[in-house]
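What follows is a single structure, written as structure tokens, with notes after it.
The values are calculated or read from the model by the stated rules, or taken from the named source; none is laboratory data. Computed from a predicted model, the values in this text were never measured in an experiment. Please note: Cβ atoms are built from the backbone with ideal geometry, for glycine as well, and neighbour counts cover all protein chains shown. Heavy atoms of the whole protein, side chains included, go into the accessibility calculation; ligands, DNA and RNA do not. Shrake-Rupley method; radii C 1.70, N 1.55, O 1.52, S 1.80 Å.
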Amino acid sequence: MGKLKTDKRKIHRKITALSAIPLLITILSGTIYSILQPLGVDAFWLIKWHTGNFGIINLQPFYSIFLGVASIISIISGLGLLQKST
């Protein structure tokens, strides 16, 4: 049972590490844009970043799907780690 728990932790860490930076970019770009918009600052490039368009690298077709799936898997695997062993 200990080996299985260790494997689950490794999977959880890899998934959360992989999704942490894109999720942070999405959170920050959306927050900063919503603060700047009422001030009359046009920072449309933040919305592009928010949706996965990073100029040369355009991940928009699957950026939201990736973030959603990675978040769901991270939550489920994290909840699985919280369960007590019987």
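Pick out, from the chain, the helices (runs of 4 or more DSSP H) lying fully within it that include 3 or more residues that are among the aromatic types (Phe, Trp, Tyr).
On the way: elements: 2-36, 44-50, 60-82.
Here the list reads 44-50, 60-82.
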Among the residues of region 41-59, write down those that are under 14 Å from the mean Cα position of the chain (by Cα) and either polar (S, T, N, Q) or over 16 Å from residue 21 (Cβ atoms) (or both).
-> 51
Checking residue 43 against (1) touching a residue at least 12 places away in the same chain (Cβ under 8 Å); (2) surrounded by 14 or more Cβ atoms within 10 Å (Cβ to Cβ), which single condition isn't satisfied?
-> (1)
Can you tell which of 77, 64 is surrounded by 13 or more Cβ atoms within 10 Å (Cβ to Cβ) and in contact with a Gly (Cβ under 9 Å, 6 or more places away or on another chain)?
-> 64
Just checking, how many residues over region 11-35 are surrounded by 12 or more Cβ atoms within 10 Å (Cβ to Cβ), without any contact (Cβ under 8 Å) to a residue 12 or more places away in the chain and of a type in the set (Gly, Ala, Ser)?
-> 1
Which numbered condition trips up residue 84, out of (1) open to solvent by less than 90 Å² (accessible area, probe 1.4 Å); (2) modelled with pLDDT under 85?
-> (1)
Hey, residue 38 exposed (fewer than 10 other Cβ atoms within 10 Å of the Cβ) and either in contact (Cβ under 8 Å) with a residue 12 or more places away in the chain or more than 15 Å from the chain's Cα centre (by Cα) (or both) or not = yes
